[in-house]
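The values are calculated or read from the model by the stated rules, or taken from the named source; none is laboratory data. Just so we're clear, the structure is a prediction, and the values are computed from it rather than from any experiment. Here the Cβ positions follow ideal geometry from the backbone for every residue, glycine too, while neighbour counts run over all protein chains shown. Only protein heavy atoms, including side chains, enter the accessible area calculation; ligands, DNA and RNA are left aside. Shrake-Rupley method; radii C 1.70, N 1.55, O 1.52, S 1.80 Å.
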Amino acid sequence: MYSQKVGVVLSGGGAAGLVHIGVLKALEENNIPIDYITGTSIGAVIGGLYASAYSPEEIQNLLNDEEFIQASKGNIPDKYFFYFQHPNEYASWIRFKFSLKDKLVKNIPTNVINSVPIDFFLMEKFLHSNMVHSFDSLFIPFRCVAADVENKQKVIFKKGNLSDAIRASMSYPFYLRPLYLDGKLLYDGGLYDNYPTDVCYSEFYPDIIIGSDVSDNHIPPEDDNIYLQLRNMMMTKKDTSKRCDNEITIKPYTSNLLFDFESAYALIDSGYAATMRSMPEILKHIHTFTNKYEIQFKRQSYKQKKLDIAISNINIKVEDKNNAAYIKKTLAGKNKSISFMELKKRYYKVASDERIKFMYPRISSKSNDTIDLNILAKYEKPWYFDLGGVISNRPVNEIFAALQYNYVGNIGLKLYANGYLGRLYNGALGKIKLDIPADKPFFIEGTVCYSRWDFFKSSTLFFDFEKPSFLIQEDNYSELNMGIPMGTKGVLSWGGGIANWINNYYQNNNFTSKDTADKTYFNYYYFQSVIDINNQNRRMYASDGSRLYMKIKFIKGNETFIPGNIAPDTTKIENYFHKNWFYVKLFSDNYIKTIKKIKLGYYFEYSLSTQDFFSNYTSTILSAPAFYPTIESNTLFLNDFRAYHYFVLGGKSVTSLLSRLDLRFEVYWFQPIQAIINNNYKADFADPLVYQNIAGSGTLVFHSPLGPVAFSINYYKNAEKNFTFFFHFGYPIFNRKSLE
């Protein structure tokens, strides 16, 4: 009886390749030996993991884990995303990144997703196998295939850095950036050999080949499908000819999308079932078997070679001869040697910075005592242009645009300016920000902002012909803030500024176009401190995560009141100095996972202001802290949701009807400790806890790539119109007000 060798081949096929895990599982359970393994693209990932002594169950857990799913979409895993580097939330739909030095074609993005998370994932999971130079010395001898498009040929990897080989093999064109190795730009191996049985045979000469094939054959191009046109121009038609006499091909059923890795269990089951159906034929060819105890012993012996890794040296090279100091100051820190888990936290801290385009890590070892991390990095293009706004059924439509310039040297510099143009809101903001990199980074930021709110022109609803209140607000402020991180999700900032706040209003609705409005000016300075801890999944209509926000503000200023011709009190007040006051605001917004498609949430807000009354009821209520219970309320002025001292309790439910379609219900109880009431046009306090208000909404929201498309029915208990309908596409997010 001669020694029989079995080679396993795993095809490319995107997320459909998760079936390969089920194939490997079925082969192991039936004691089928796997002597060699070869793969392309996703087949290279799964084959490489198996060749590195991961069991099918361990591979399943890895690729079904939320960290891999997020990495496959180009997202930094939530628990490692560094919120400190997250840009402020504005009404942007889309961002264009460009360099004035480059021609137009070089400013076109070449890949859909950020490659940093998947690059680090591969380095981490193949960390110890990367120390093995020859792929024949792995747990299972291994080969994988990439494509050299310049020379129109496939590249077979049999030695070197394992994670490099696998990363090159899975570099799907226009989705994941290609990889430079040995002077060659390498793409997904599926372009030239998506089912590499020929590689398995020519490299290992097995007696039997068992293949798992989920690669589609050559789909003809279509005149209105650019993806198929490009695919046909690049890909070589799959060779289906058999390489050896004993070759068995398993073709599991899959209808999965190319990059959808969220249906792992169904795909793995499909691969397992297809292999079990083929098992009678496989067993006809197998006469040498292994058993699970032999596999376990061999796997354990290989894993015992693994050592706890500490990084001794970090070497950083930045493309285009740029300065690497900005990255190194955060990544390397003061310690000469750091653990791998500490490295991971710091690595993602750097990668969360919007100035970083990519970082490619490579582990190397000169001895067991010295482990080097070599990073090839590239900064983003220096100019960003944002475009966005709001489209609505109400006259609150907005156009938003912003321009940003980034400079990276020993420190980071950001110059930012935005503008809003609309019927409700017109505003502009300028900002200069210095980011000081370090193990514990901090920033210094100067901001100037002008805002003008017109709640008169924007207040009319469909079917609402009542005369609205006249209110125009202007807000100008300049401030300087500094900040430091609080963990990975929080920011602590502090600073101060000066502001000029102007309100034009009538104290009742009995006015004509010939009347002159009352004016209240408030000139003041302030100091503030803010803690913002946020890991919610969206800037609007979140459905996962939590946010905790705390602000303390000191305000000192003087009020000037100039009455109009119909003011109830025509006494002019000039430069009335208000007593110093403190403003405290706290809110907590949280979502709880229940069953898969339903999330429950709860909301709490507390606000306290020690300010005194302004010259009349209207100016007092205008300056009072406000609660915004619904998205629509960001575009309304609601007197009954303003008070010096209040708390809010709220509940939410979010049902995911489809992957991007949610049905939301929200309800809020607004409780002023002492409501501010109108006492003959002067402000006064009501008895404690006498007045309450309730608001809620039911919203159907589609999360499009550009922004939310939402249809909502809103309820306000004490409003003249209890129910309103609000449709919007985009983000009703505006520049922050100075008093908030």
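Between Asp320 and Ile694, full extension at 0.36 nm per residue minus the direct alpha carbon distance yields a gain of 128.8 nm. For Tyr360, nonlocal amide neighbours, meaning residues 5 or more places apart or on other chains whose placed amide H falls under 5 Å from its own, are Leu376, Ala377.
For the peptides 55-62, 594-601, what is the packing order when you average, over each peptide's residues, the other Cβ atoms within 10 Å and list the highest mean first? Walk me through the intermediate numbers first.
On the way: 55-62: 17.8, 594-601: 12.9.
In decreasing order of mean packing, 55-62, 594-601 become 55-62, 594-601.
Here the dipole of the chain is about 1300 debye; that uses its Cα centre as origin and unit charges on the Cβ of Lys and Arg (positive) and Asp and Glu (negative). When the C-alpha to C-alpha distance is required to be over 30 Å, the pairs from Lys251/Lys344; Lys97/Lys433; Lys184/Lys344; Lys328/Lys593; Lys345/Lys433 that qualify are Lys251/Lys344; Lys328/Lys593. A DSSP coil position with no more than 10 other Cβ atoms inside 10 Å describes the following trypsin sites (Lys or Arg not before Pro) in the range 507-571: Lys514. Distance between the C-alpha centres of the range 538-608 and the range 135-168: 58 Å, rounded to the whole angstrom. In this structure, the amide hydrogen of Gly211, modeled 1.01 Å from its nitrogen in the peptide plane, lies closer than 5 angstrom to those of Val9, Ile248, Thr249, Ile250, counting only residues at least 5 positions away or on a different chain.
Multiply the residue separation of Lys357 and Tyr265 by 0.36 nm, subtract the distance between their alpha-carbon atoms, and state the gained length in nm to one decimal.
On the way: separation 92, 0.36 × 92 = 33.12 nm, distance 3.32 nm.
Taking 0.36 nm per residue and subtracting the Cα distance, the gain is 29.8 nm.
Here the simple spin-label model places points 7 Å from the Cα toward Cβ, and for Glu720 and Arg277 these points are separated by 6.8 nm. If each Cα of the chain is one equal point scatterer, what is log10 of I(q)/I(0) from the Debye formula at q = 0.05, 0.09, 0.11 Å⁻¹? Log10 I(q)/I(0), no solvent term: -0.34, -0.91, -1.19. Answer with one residue from Gly490, Met359, Leu638: the one whose Cα lies farthest towards the positive end of the charge dipole of the chain, charges on Cβ with Lys, Arg +1 and Asp, Glu -1. Of the candidates, Met359 comes out farthest on the positive side.
Distance between the pseudo-spin-label points of Ser513 and Ala686 (7 Å out from Cα toward the beta carbon): 3.7 nm.
Given the rule -39500 (n - 2.57) for each run of at least 4 DSSP H residues, summed and divided by the residues of the chain, what is its mean residue ellipticity at 222 nm, to the nearest 500 deg cm²/dmol?
Working: 13 runs with 131 residues, N = 740.
My calculation for the chain gives -5000 deg cm²/dmol from helical runs alone.
Can you work out the PRE-style zone for Asn558? Point 7 Å along Cα to Cβ, and I want the residues of the range 483-509 with backbone N under 11 Å. Of the residues in the range 483-509, none has backbone N under 11 Å from the label point off Asn558. If R0 is taken as 22 Å, the Cβ-Cβ distance between Ser337 and Ala438 corresponds to a FRET efficiency of 0.75.
Whenever you get a sec, compute what percent of the accessible area on the chain sits on carbon and sulfur atoms (1.4 Å probe).
On the way: 19020 of 33330 Å².
Its accessible area is 57 percent carbon and sulfur atoms.
With the Cα gyration tensor of the range 467-567 giving a ≥ b ≥ c as the square roots of its eigenvalues, does the rule (a/c under 1.5 for rounded; else a/b larger than b/c for prolate; else oblate) give rounded, prolate or oblate?
Working: a/c = 4.43, a/b = 1.87, b/c = 2.37.
It is oblate, given that a/c is not under 1.5 and a/b is not larger than b/c.
Between Ser659 and Tyr205, the distance separating the two model label sites (each 7 Å from Cα on the Cα→Cβ line) works out to 4.6 nm.
A 1.4 Å probe run over the chain, with the rest of the protein chains in place, finds 45 Å² accessible per residue.
Within the range 97-187, list the trypsin sites (Lys or Arg not before Pro) lying in a DSSP loop whose Cβ has at most 12 other Cβ atoms in a 10 Å radius. Before the final figure, lay out each step's value.
Values: sites: Lys97, Lys101, Lys103, Lys106, Lys125, Arg143, Lys152, Lys154, Lys158, Lys159, Arg167, Lys184; in loops: Lys101, Lys103, Lys152, Lys158.
Filter output for the range 97-187: Lys101, Lys103, Lys152.
With a cut-off of at most 12 other beta carbons within 10 Å, and DSSP calling the residue loop, which chymotrypsin sites (Phe, Trp or Tyr not before Pro) in the range 1-67 qualify? Please list them.
Working: sites: Tyr2, Tyr36, Tyr50, Tyr54; in loops: Tyr2, Tyr54.
Taking the range 1-67 and a limit of 12 other Cβ atoms within 10 Å, the loop chymotrypsin sites (Phe, Trp or Tyr not before Pro) found are Tyr2.
The HN-Hα couplings worked out from phi for the range 655-668 by the Karplus form 6.51 cos²θ - 1.76 cosθ + 1.60 (θ = phi - 60°) are 10, 7, 6, 9, 4, 10, 10, 10, 10, 10, 10, 9, 9, 9 Hz, whole numbers, x standing for Gly and Pro.
Coupling constants for the range 706-714 follow from the phi torsions by the Karplus curve (6.51 cos²θ - 1.76 cosθ + 1.60, θ = phi - 60°), and in residue order they are 8, x, x, 10, 10, 10, 9, 9, 10 Hz; glycine and proline get x. Contact order, relative form, for the chain: 10 percent (alpha carbon pairs under 8 Å, 6 or more residues apart, mean separation divided by residue count).
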